[in-house]
């Protein structure tokens, strides 16, 4: 058991060392491109809250939304990313990202249950803004493919964390917690829009 604990500790230390070196030299090869892609959504709290909200809302709506919304987001995000890479301008990208937190958080907070296709359109519309922001960073990466894989993986993990928390809706107290989480996400978006955060 002690050997297993030491092995886990050594692996963690190795990964942290690798991650630090890669982020310090994010243009250094495939690994640097991948790490840069993984970190881009995670280091921007405006991306984090919106992507978690997608998972939360999907879990709140139940099947099949719990899987469809987190699939729609990265697929449409890839279109926004391509637009960013190609230099196709989208007006008010940062405003769109902040608004995504307000709207998606409010959907959870107010228990909004639209038809699935409307929920997918809302999620997809905001995914364009997030993708464009990622795409404008892509040309600076040494490996665009590794960067893309990194930010899609990171986005998926954020969606999964939202789903995991959102599954608490099965219990009355969990339902309150999930809706409160949506409210906090919406407030964070308002704070971003108003410049308070």
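Summary of values
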read-out: Percent of Cα pairs exceeding the 25 Å cut-off, where the set is region 38-137; value: 14
read-out: Anisotropy class of region 158-197 from Cα gyration tensor, a/c 1.5 cut; value: oblate
read-out: Whether region 49-197 is rounded, prolate or oblate, judged on the alpha carbon gyration tensor where a/c under 1.5 counts as rounded; value: prolate
read-out: Contour excess over end-to-end distance, with Cα ends at residue 161 and residue 111 and 0.36 nm allotted per residue; value: 16.1 nm
read-out: Projected label distance in nm at residue 94 and residue 177, using a 7 Å step from Cα toward the beta-carbon; value: 3.5
read-out: Distance between region 166-197 and region 87-165 - C-alpha centres, whole angstrom; value: 17
read-out: Mean separation of Cα contacts under 8 Å, 6 or more apart, over the residue count of region 65-163: relative contact order %; value: 48
read-out: Extended-chain gain in nm, criterion 0.36 nm per residue less alpha-carbon gap, residue 79 and residue 194; value: 38.6 nm
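None of the figures in this text is laboratory data; all of them are computed from the coordinates on show. Since we're looking at a predicted model, the values are computed, not measured. Neighbour counts are summed over all protein chains in view; Cβ atoms, including those assigned to glycine, are modelled from backbone coordinates with ideal geometry.
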